[in-house]
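Worksheet: the structure to be examined is printed underneath.
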Amino acid sequence: MVMAVDTSDFRNGMGMYLDGEVYVILEFQHVKPGKGGAFVRTRLKKLRTGSVLEKTFRAGERVEPAYLEKKKMQYLYRQGDELVLMDLDSYEQTPVSEGEIGDGAKYLKEEMELSALTVDGSVIGYEMPATVELEITYAEPGFRGDTVSSGQTKTVKLETGAEINVPLHLNQGDIVKVDTRTDSYLERVSKK
């Protein structure tokens, strides 16, 4: 029997079971109002779907913890609608549907590492690296006068097929850093 934890034990990144599903605490805040009892306001991420839920717990309320393990995996290649991943400890190869990895799958390139999140030995989700560096394979040509300070953007295609918006001065062949959680351009890493 797993010992339940109460709201005073909450930490960012902690896993818990709610209604039979595994959630991870993204952020939490202890609130002590002038009247009434204290409570804890949380933002939780459902690992299976990636959806975010806001939930309030009474102070001292107990929940069942979920012990998450991260297993390092490497993306090898695409096989139809599936992506083949290799466990970096056992070298076992596993085909996984693109939907299981989520929106971040569009940023995967061969030999890139990601984490498989497991609870009780079964995989319940995948975690992409927060940022990736990819080459721009198609961009409308920039024009003289296109500068960083203009604030305008254009859509470019990356080597994995993903499309993002970048400043006008970037061109085909440039390597850019992308935030996989927000699909946003962060910076140019190197210039063609």
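Taken together, the values in this text are just the output of simple stated rules run on the coordinates, not laboratory data. From a predicted model like this one, the values you see are computed outputs, not experimental measurements. Reconstructed Cβ throughout: ideal geometry from the backbone, glycine too, with neighbour counts over all protein chains shown.
Placing +1 on the Cβ of every Lys and Arg and -1 on the Cβ of every Asp and Glu, with no other charges, gives the chain a dipole of roughly 960 debye about its Cα centre. The label-point distance for GLN29 and LYS70, in a model that sets each label 7 Å from Cα toward Cβ, rounds to 2.6 nm. Between GLU82 and VAL119, the simple label model (points 7 Å from Cα in the Cβ direction) yields a spacing of 2.5 nm. Footprinting exposure proxy ranking of ILE124, ILE101, fewest other C-beta atoms within 10 angstrom first, gives ILE124, ILE101. Per-residue ellipticity at 222 nm, computed for the chain from helices alone with -39500 (n - 2.57) per DSSP H run of at least four residues, works out to -500 deg cm²/dmol. For the pair GLN172 and VAL5, the difference between a 0.36 nm per residue extended length and the Cα-Cα distance amounts to 54.9 nm. Positive end of the dipole of the chain (Cβ unit charges, origin at the Cα centre): among TYR67, THR182, GLY104, the Cα lying farthest that way belongs to THR182. GNM on the chain, alpha-carbon springs under 10 angstrom: the most fluctuating residue among THR160, THR131, THR182 is THR182.
Legend: residue pairs LYS106/LYS177; LYS46/LYS71; LYS109/LYS157; LYS72/LYS191, Cα-Cα distance threshold 21 Å; pairs beyond threshold, LYS72/LYS191. The slack between GLU21 and THR137, meaning 0.36 nm per residue of separation minus the straight C-alpha distance, is 37.7 nm. For region 68-127, what relative contact order do you get, as a whole percent, if you take Cα pairs closer than 8 Å and at least 6 residues apart? Computed over region 68-127, the figure is 37 percent.
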